Amino acid sequence: IQFTFRMIEVDQASILLVDDDGILQERLSRARPGAVPHPVPASLTATAIEQKVALLSDNDDDAAARDDGVTRSSICAPLIGSERRVLRVLYVDSLTSTHRIDDDDLEFLVAFAGIGGVAIDNIRFTERIRHEALVRGNFERFFTPHLAARIAAAPDALRLGGERRNVAVLFSDIRGFTELAARLTPDETARMLTEYFSEMADCVFRHGGTLDKFIGDAVMAQWGAPISEPDDADRC
């Protein structure tokens with residue numbers, strides 16, 4: 001909006017957001033000092049979104065014109081992302097008595113909106129990649145990388161509240177651990193458990209299991225949840 005005010009002589013500039021339900025919401029509006037802000041004409045923005053083209057108008061819709069008795073020239077330019085989806089709408093207008101918005105302004109805003117659409121798309125794509133990497137990284141603490149990727153890619157496969165299903169559960173601990181730990185120093189015990197848990201986690205993941213928890217010197221793992229396979233028990 002600040003850049004638009006510097007480049008074009010307009011009285012008001014507004015950004016509208018198209019949410020996931022296709023509903024248009026005014027997110028930000030600014031008016032030049034001395035100008036009176038007013039609502040963005042709905043008919044113009046609706047047409048711009050529907051046709052996915054920038055529109056130059058010599059007047060607001062009739063209702064807006066009757067409300068304040070002022071004739072305005074305006075431009076409504078959609079910011080279009082990938083798959084031809086309208087992400088935002090940039091609206092500007094000016095009192096025709098001071099400056100009439102013309103085709104040169106329209107050409108500039110079309111180019112500017114194109115740059116803005118690509119920028120927003122890139123930001124959304126980067127945020128999605130960062131979020132997926134974070135989710136996948138959290139899952140990989142307990143699941144194999146392959147299984148973690150499947151869960152991250154299809155979050156709808158996990159039902160809130162859980163579900164009943166057959167699972168195979170493995171408990172494994174170190175034989176004679178109490179006597180063994182009594183002969184070792186705390187540092188030696190910690191090193192041994194670290195090596196043991198690393199080997200066991202690799203073994204669980206190698207066979208497609210899910211690491212549930214470490215319990216003292218024991219490992220608890222499961223097969224069959226959150227994603228099941230026909231041979232879960234055999235792999236367990």
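The values are calculated or read from the model by the stated rules, or taken from the named source; none is laboratory data. This one's a predicted model, so the numbers in the text were calculated from it and none came from an experiment. Cβ sites come from the backbone with ideal geometry, for glycine too, and all protein chains shown count toward neighbours. Protein only, heavy atoms only, side chains kept; ligands, DNA and RNA dropped before computing areas. Shrake-Rupley method; radii C 1.70, N 1.55, O 1.52, S 1.80 Å.
By how many degrees, between 0 and 90 and to the nearest 10, does the Cα long axis of helix 186-206 differ from the longest principal axis of the chain?
Once rounded, one gets 70 degrees.
Could you work out how far the C-alpha centroid of region 100-128 sits from that of region 188-236, in angstrom?
So the separation of the two Cα centres works out to 51 Å.
Note the angle between two axes, namely the Cα long axis of helix 103-139 and the longest principal axis of the Cα atoms of the chain, as a number of degrees from 0 to 90, rounded to the nearest 10.
10
Filter the trypsin sites (Lys or Arg not before Pro) in region 157-236 down to the DSSP loop ones having no more than 11 other Cβ atoms within 10 Å, then list what survives. Don't jump to the answer; show the numbers that get you there.
Values: sites: R159, R164, R165, R175, R183, R191, R206, K213, R235; in loops: R159, R164, R165, R175.
Passing sites in region 157-236 are R159, R164, R165, R175.
Which label belongs to the value computed from this structure, given these candidates for volume of the Cα convex hull per residue in Å³: (1) 205; (2) 259; (3) 190?
Recomputing volume of the Cα convex hull per residue in Å³ here gives the entry labelled (1).
On the protein heavy atoms, probe 1.4 angstrom, tell me the percent of accessible surface of the chain carried by carbon and sulfur. Before the final figure, lay out each step's value.
Details: 7850 of 14710 Å².
Solvent-exposed carbon and sulfur of the chain make up 53 percent of the total.
Give the accessible surface of the chain per residue, rounded to a whole number of Å², with probe radius 1.4 Å and ligands, DNA and RNA excluded. Present the calculation step by step, with values, prior to reporting the outcome.
Working: 14710 Å² over 236 residues.
Accessible area per residue: 62 Å².
Highest mean first, how do 104-114, 217-227 rank when packing is the count of other Cβ atoms within 10 Å averaged over residues? Walk me through the numbers on the way to the answer.
Details: 104-114: 16.4, 217-227: 18.5.
The densest-packed peptide leads the list: 217-227, 104-114.
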